[in-house]
Structures are given as C-alpha cells and as structure tokens.
Amino acid sequence: MGELRAGYVLELRLLGTREGLGVVHALRVVLRGVEGVPNEFRDALYTPVVAVRPRAAIEAYTEAEFRQIRRAARRIVRAAVTRIRVARAEADRYLSGDPRPGEACFREGTRAARLAYVAVHGGVPRRASGKVRYVSCSDLVSELHPLRNEAEAMAILIMCLTGLNASTVLGMSAEHSAATAPGELPALVTRGSKPRRGPLRSEMDLTLSAERRPMVDRDDYGSAHGVYEIALELGREARRYLDYPDLIVYHSFSYRLGTPRNLGYRTPAVGLFGPLEGFSDGEGMPQRVDSRRLRRTFLELHQRPVAQASATLASVYLVRDRTSLSTYQNVVAGALKGEVERIRAENLGLTLSEEDCHAARENPTRVADRFGVTEEILGKVLAGKLDTVGSACVDNEHSPYSEQGRPCTASFLLCLTCPCSRSEPRHVPVQALMLTELRRRNTEMTPAEWDRRFAAAAARLEDVLHLQRADVPAEAERASAEDARLVRALLENELEIP
C-alpha cells in the first residue's frame with residue numbers, strides 16, 4: 001500500500017477517456033474500507049470525477065474533398081520524385097569520377113560535388129557544436145531526400161488507395177516479397193501492424209497489387225503497389241542511417257537531435273498531418289488531413305472491410321456516418337429509376353421466338369408488321385447482317401442515345417435496353433454467355449459500381465432469356481470462341497468509340 005502514488009490516479013484522469021475513468025471507479029470500489037492507503041492517493045482517488053465530454057462524430061469527407069486530397073498528395077509526391085531523381089543523377093555522375101568526396105567540395109566544388117558529398121556522408125559538414133560549417137548548404141540534403149510534407153503525402157496517397165489506418169501505413173516495412181508470376185499484374189507482400197488489436201492480433205500481411213501492367217518509364221500513382229515502389233525508391237538512401245526498415249522516411253534539417261547519428265533522418269509521427277498544399281479551405285488556406293475521416297471515406301465509397309470484420313464495417317463505420325444517408329438514398333433512387341427504365345425498355349424491345357422465325361419464312365409481311373420493321377429489315381435481322389454483340393439493331397440512325405439522323409455511337413451494352421434492338425434465337429448463346437460473365441463480375445466489384453455499369457443490361461438479358469425459355473448454363477456452353485472474345489472485349493470497354 002505504501003507504494004501507491006497520487007500520480008497514478010492523476011495520470012488516469014488526464015487521459016480524459018471513459019476507459020481511464022472506469023479504472024478510477026474500479027479502484028474506488030476495490031479500495032473502499034481498506035486501511036493503509038496513503039492520504040494523497042486517497043484524496044486523488046475520491047476527488048469528484050468530471051464528466052467526459054462526448055467525442056465529436058467523425059464524418060467522412062465528401063467525394064469532391066476526397067478527390068482533392070488525392071490529387072494534392074499525388075502532385076506533391078510527383079514533384080518530390082522529379083527533384084530527387086535529378087539530384088541523385090547529378091551526384092552519381094560526379095561520384096563516377098570521385099567516389100570519396102571530401103569537405104573541399106563545399107569550399108571550392110560545384111553543386112554536383114556538394115550533392116555527392118551529401119550522398120556519401122548522409123549530411124553536410126558540421127562543427128563540434130553541431131552548427132553547419134558552411135553557409136547555404138542546408139538545402140542540399142533536402143535535394144536528395146523526401147521532406148516531411150512529402151513523406152506525409154506518400155502516406156496520405158497510400159491511405160486513399162487502401163483505406164488502411166495511418167498507424168498501419170506509417171508502420172509499413174520496406175522489407176517485402178514480390179508475389180508476381182509471369183503474365184500476372186505486379187504485386188508484393190509486406191508486413192503491417194494494427195496496434196489497436198492488441199499484441200497478439202496486431203501483426204498482419206499486406207498484399208499490394210497494381211491495377212494494370214506498368215508502362216515503361218512511367219510511375220504508377222494509381223495503385224498502392226506503385227506508390228509503395230516510389231516510397232521504397234525515395235527512402236532508399238535515408239534507410240541506410242536508420243535502425244529500422246520503415247517504408248516512409250524523410251529528412252528534417254531542423255529536428256536532428258534524437259535521430260541516429262543526429263543526421264535528421266526519421267519517420268512521420270502518427271497523428272494529425274500537417275497542412276496539405278493543394279487541399280484548401282474557402283479562403284485558400286491549406287487544410288490538415290484527418291486520417292480517420294480519410295479511412296471512413298474510403299470505406300463508405302468502396303463498401304468493403306479493410307483490416308476489419310464485415311460486422312465492424314457495417315455497425316461502426318457505415319451505420320453511424322450521417323453523411324452516408326444521402327448516398328444511400330441516391331443509390332435507392334437510382335435503383336428505382338433503373339427499374340422503371342428497364343420495364344419501359346422491356347415493353348419497347350421485342351424478341352422473336354422460334355415460331356416467329358418460322359412464320360417469317362411463310363408470311364414475312366405479317367411478322368414484320370408485328371415487330372415494327374420492314375420486310376427488308378426483318379430479312380437482314382434473320383440473316384445476321386444487323387448484329388451488334390448480343391442483339392440486332394433495326395435503326396442505327398434513330399437511337400435514343402445518339403444524335404438523330406447520325407449513326408449511333410453508344411455502347412453495345414445499351415443495345416440490350418434500346419427500343420431499336422431486336423433479338424432472335426440465334427442470339428441466345430452469346431446472350432447467355434454475356435449474362436454469365438456479368439454475374440461473375442458481380443462478385444468482383446462493389447454493389448454500387450456493378451449496379452451502375454451492368455444492372456440494367458443483366459436484367460434485360462434475364463428477361464430475354466426467360467422469354468426464350470433458355471437454359472443459361474447450357475446455352476453459354478454453345479457460344480463460340482469468337483462470341484467469347486466479343487463479350488470479353490465489350491465488358492472491358494475495348495469496343496467503345498472514343
């Protein structure tokens with residue numbers, strides 16, 4: 001009992017959290033009536049507890065703000081990449097002739113010689129007191145290494161692309177394993193940590209992959225894999241002077257004390273980032289980026305869990321976010337509007353059955369009148385001369401999706417819901433294959449994105465195939481290799497007119 005100090009209780013109170021005050025209340029219960037408790041400790045323990053202020057709700061950024069943050073971070077990182085590569089190339093050219101430059105570089109050498117000295121020694125010459133020995137040389141270190149705002153921009157960009165917590169991103173390791181087989185998109189696996197889970201569940205594997213094949217001599221700012229590679233490159237030299245292999249590192253000329261060899265190389269601290277140039281308020285002043293709001297925005301936009309359980313995503317993030325309500329209302333309104341358009345297209349779009357095709361050979365005039373086309377157009381439909389991908393177009397110059405009197409340039413997916421579209425049994429295999437592919441993509445995309453791109457087309461295909469009494473899996477097997485190529489090209493937007 002004699003070792004109890006009032007400072008223990010004061011520390012819990014200063015936290016200002018429900019958890020800390022809960023411990024204070026528990027100590028009151030346990031120590032009530034116990035003799036030998038020091039008076040100072042007892043006074044601190046039984047001082048009236050101030051009610052904890054409720055935490056302000058964390059709201060997501062708007063989509064416009066999220067895009068602005070991402071563009072601003074990308075702009076800062078791109079400028080850092082350009083500056084550092086130019087400076088390192090200049091230093092490398094000098095080092096090819098003089099691999100061990102000395103202090104004479106600062107007395108009489110060129111800029112390239114000074115950069116070479118910094119590249120080799122990790123800093124500029126200093127006196128015993130720590131002051132810079134030569135004037136106007138502090139910016140040379142910054143030429144070769146990222147600055148704090150640039151390191152934060154890299155972290156922000158990775159958070160925008162992954163939805164991970166700031167602590168997880170800033171704690172990423174530069175040690176990784178490439179996980180790319182020949183012919184696959186580039187990918188890597190590294191270690192991450194989420195401290196809030198506790199010591200036994202905090203460590204996890206992070207897989208970062210590119211969304212497309214990288215172009216030669218072009219950096220990838222659109223995927224977490226690409227930004228990881230950029231951070232790996234920019235921090236390569238600084239990591240030589242650190243005791244830990246952190247991915248995101250920077251150089252600080254002002255805050256050197258406490259860093260390895262007092263050179264100023266460090267990692268960004270977890271917390272509120274500094275003002276982000278390019279992310280401005282109404283008065284044009286740069287704003288700070290809140291990593292918690294950034295993560296919440298990603299989760300709201302993508303509607304999928306990131307280093308969390310699905311139940312946590314739904315109950316902690318999405319349900320409590322008031323800004324999500326209008327988004328969900330728009331989704332419902334869009335779905336209802338799409339349903340109305342689907343029903344309207346169903347009434348306008350007509351399908352020829354096997355009986356209709358047989359009747360057209362004996363009495364083409366009656367069949368043509370029934371389906372609102374001329375005999376000539378009906379003959380071309382049955383002959384396959386007006387085929388798009390999954391149907392036939394009977395009036396290419398009067399589409400509701402293009403200017404009247406001009407050839408239609410709309411996507412072939414819109415043919416499925418167009419009043420100018422006609423379908424016949426010959427189209428069933430390719431329609432079944434297209435529906436099968438759309439259903440498969442439904443498991444690979446967010447519900448909102450799939451609804452926006454493919455819901456109307458899938459609903460129309462289901463209606464048409466139902467009218468044809470088609471067995472979808474069996475009919476999809478009948479599709480030819482050319483049909484499969486066309487369907488794949490259509491869904492990858494390779495058939496669109498630019």
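Can you pull out every residue in region 79-117 that is out of contact with any helix residue (DSSP H, G or I) (no Cβ under 9 Å at 6 or more places or on another chain) and within 17 Å of GLU233 (Cα to Cα)?
THR82, ALA89
Name the single residue, out of those in region 174-201 being assigned to a loop (DSSP other than H, G, I, E, B) and crowded, with 16+ Cβ neighbours inside 10 Å, that is modelled with the highest pLDDT.
Applying the filter and picking the extreme gives ALA174.
Return the only residue of ALA457, ALA448, ALA476 being surrounded by 22 or more Cβ atoms within 10 Å (Cβ to Cβ) and within 30 Å of ARG304 (Cα to Cα).
Step by step, each of ALA457, ALA448, ALA476 is checked, and only ALA457 is surrounded by 22 or more Cβ atoms within 10 Å (Cβ to Cβ) and within 30 Å of ARG304 (Cα to Cα).
Tell me the residue from LEU433, LEU414, LEU386, LEU490 that is touching a residue at least 60 places away in the same chain (Cβ under 8 Å) and not β-branched (Val, Ile, Thr), please. Outline the logic, then answer.
On the way: LEU433 fails: touching a residue at least 60 places away in the same chain (Cβ under 8 Å); LEU414 fails: touching a residue at least 60 places away in the same chain (Cβ under 8 Å); LEU386 fails: touching a residue at least 60 places away in the same chain (Cβ under 8 Å).
Unique residue meeting the criteria: LEU490.
Name the single residue that is farthest from THR162 (Cα to Cα) among those in region 259-279 being touching a residue at least 24 places away in the same chain (Cβ under 8 Å) and polar (S, T, N, Q).
Among those that are touching a residue at least 24 places away in the same chain (Cβ under 8 Å) and polar (S, T, N, Q), it is ASN262.
Go through region 454-470 and give me each residue that's in contact (Cβ under 8 Å) with a residue 24 or more places away in the chain, over 12 Å from THR436 (Cβ atoms) and charged (D, E, K, R).
The answer is ARG460, ASP463.
Would you call ALA56 surrounded by 13 or more Cβ atoms within 10 Å (Cβ to Cβ) and at pLDDT below 90? Steps first, answer last, please.
Working: surrounded by 13 or more Cβ atoms within 10 Å (Cβ to Cβ): no; at pLDDT below 90: yes.
It is false that ALA56 is surrounded by 13 or more Cβ atoms within 10 Å (Cβ to Cβ) and at pLDDT below 90.
In region 211-240, what residues are over 15 Å from MET172 (Cα atoms) and either modelled with pLDDT under 85 or among the acidic types (Asp, Glu) (or both)?
Within region 211-240, GLU211, ARG212, ARG213, PRO214, MET215, VAL216, ASP217, ARG218, ASP219, ASP220, GLU237 meet the criteria.
Counting residues that are hydrophobic (A, V, I, L, M, F, W, C), closer than 22 Å to ARG266 by Cα and modelled with pLDDT under 85, which helices (runs of 4 or more DSSP H) fully inside region 83-150 reach at least 1?
Once the helices (runs of 4 or more DSSP H) in region 83-150 are filtered for at least 1 residues that are hydrophobic (A, V, I, L, M, F, W, C), closer than 22 Å to ARG266 by Cα and modelled with pLDDT under 85, what remains is 111-121, 139-144.
Just the residues that are buried (at least 23 other Cβ atoms within 10 Å of the Cβ) and part of a loop (DSSP other than H, G, I, E, B), please, taken from region 164-173.
Matches in region 164-173: LEU164, ASN165, MET172.
If I go through region 247-263 residue by residue, how many of them are crowded, with 21+ Cβ neighbours inside 10 Å and either out of contact with any Phe, Trp or Tyr (no Cβ under 6 Å at 6 or more places or on another chain) or modelled with pLDDT of 90 or more (or both)?
4
Can you find, within region 434-473, the residue that is nearest to the chain's Cα centre (by Cα) among those that are charged (D, E, K, R) and closer than 17 Å to ALA392 by Cβ?
Per the stated criteria, the residue is ARG460.
Determine which member of the set VAL464, VAL487 is part of a helix (DSSP H, G or I) and farther than 27 Å from HIS302 by Cβ.
Unique residue meeting the criteria: VAL464.
Kindly indicate the residue of region 354-406 that is of a type in the set (Gly, Ala, Ser) and more than 28 Å from ARG485 (Cβ to Cβ) and also surrounded by the fewest Cβ atoms within 10 Å (Cβ to Cβ) among those meeting that condition.
Across region 354-406, the extreme among qualifying residues is GLY405.
Within region 230-246, work out how many residues are surrounded by fewer than 16 Cβ atoms within 10 Å (Cβ to Cβ) and in a loop (DSSP other than H, G, I, E, B).
Result for region 230-246: 4.
Filter region 15-52 for residues that are modelled with pLDDT under 70 and either hydroxyl-bearing (Ser, Thr, Tyr) or touching a Gly at 6+ places or on another chain (Cβ under 8 Å) (or both) and give the result.
VAL52
Any residue at all in region 412-433 that's among the aliphatic types (A, V, I, L, M), crowded, with 21+ Cβ neighbours inside 10 Å, closer than 16 Å to LEU352 by Cβ and more than 32 Å from the chain's Cα centre (by Cα)?
Checking region 412-433: at least one residue is among the aliphatic types (A, V, I, L, M), crowded, with 21+ Cβ neighbours inside 10 Å, closer than 16 Å to LEU352 by Cβ and more than 32 Å from the chain's Cα centre (by Cα).
For region 238-281, how many residues meet the condition of being among the acidic types (Asp, Glu) and touching a Gly at 6+ places or on another chain (Cβ under 8 Å)?
We begin by selecting, within region 238-281, every residue among the acidic types (Asp, Glu); these are 243, 246, 277, 281.
Checking which are touching a Gly at 6+ places or on another chain (Cβ under 8 Å) leaves us with 246.
Number satisfying all stated conditions: 1.
The values are calculated or read from the model by the stated rules, or taken from the named source; none is laboratory data. Values in this document were obtained by computation on a predicted structure and should not be read as measured data. Note that we place each Cβ from the backbone using ideal geometry, even for glycine, and neighbour counts take in every protein chain shown.
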